[in-house]
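These notes concern the structure reproduced below.
The values are calculated or read from the model by the stated rules, or taken from the named source; none is laboratory data. Small disclaimer: the values here were computed from a predicted structure and weren't measured. Note that each Cβ is placed from the backbone with ideal geometry, even for glycine, and that neighbours are counted across all protein chains shown.
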Amino acid sequence: SLVSGSWLFYLPLVVLGFHPAAILLMLSINLAYQFWLHTDAIGRLPRWFEYVFNTPSHHRVHHAVNPAYLDRNHGGVVILFDRWFGTFAEERADDPCRYGLVDPNPSRNPFVIALREWVRLGRDLWRAQSWRERWAYAFGPPGWKPEGGLTAAEVRRAAGLPA
């Protein structure tokens, strides 16, 4: 949105020569696709479709806090990259998706909710002892800490699952 600055991400496309209307059309189509993913009303779809595209089933896994599902299914429209890079997880009937946050935010203040993780990241970057640590905080797995944090792989190992 205009306020959050997400439009800055697409600005280089205009510089490269893409027409702003084409970018807006692409974003609109993507937003429409994302809309139908956020439902529990749609179960499994045909295998060929689920192999290639992100589906409501895959997206439920993305939002789940179950150890087996943490940091999985990142694809917005296609799911192939998750399959290729090992971040794909299938929704399983024996492990229904539980929605929520690994570290719930107790605040009801919308500003605290919106900025909490950015403030935490800024604090971690400020306290980092080296540029390598700063890089790892910014681009490493969620939960990374130099002394060992609570990453999704560690949560899965603690639950007796493959990392």
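Tabulated values for the structure
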{"item": "Selection within the stretch 104-162 - in a loop (DSSP other than H, G, I, E, B), surrounded by 10 or more Cβ atoms within 10 Å (Cβ to Cβ) and not polar (S, T, N, Q)", "result": "A128, G140, P141, P142, G143, W144, K145, P146, G149, L150, A159, L161"}
{"item": "Output for the stretch 54-75, where each listed residue is surrounded by fewer than 17 Cβ atoms within 10 Å (Cβ to Cβ) and within 19 Å of L31 (Cα to Cα)", "result": "H63, H74"}
{"item": "Qualifying positions in the stretch 70-92 - closer than 18 Å to W36 by Cβ and of a type in the set (D, E, K, R)", "result": "E91"}
{"item": "Subset of the stretch 76-105 [under 22 Å from W144 (Cα atoms) and not aromatic (F, W, Y)]", "result": "D82, G86, T87, A89, G100, L101, V102, D103, P104, N105"}
{"item": "Complete set of residues in the stretch 43-53 that are closer than 30 Å to S6 by Cα and either charged (D, E, K, R) or not assigned by TED's automatic domain parsing to the domain that holds V77 (or both)", "result": "E50"}
{"item": "Unmet requirement for I29, which otherwise passes all of (1) without any contact (Cβ under 8 Å) to a residue 24 or more places away in the chain; (2) surrounded by 13 or more Cβ atoms within 10 Å (Cβ to Cβ)", "result": "(2)"}
{"item": "Qualifying positions in the stretch 127-141 - in contact with a helix residue (DSSP H, G or I) (Cβ under 7 Å, 6 or more places away or on another chain) and not aliphatic (A, V, I, L, M)", "result": "R134, Y137, P141"}
{"item": "Residue under evaluation V78, criteria (1) surrounded by 16 or more Cβ atoms within 10 Å (Cβ to Cβ); (2) within 17 Å of the chain's Cα centre (by Cα); (3) at pLDDT 95 or above, criterion not met", "result": "(1)"}
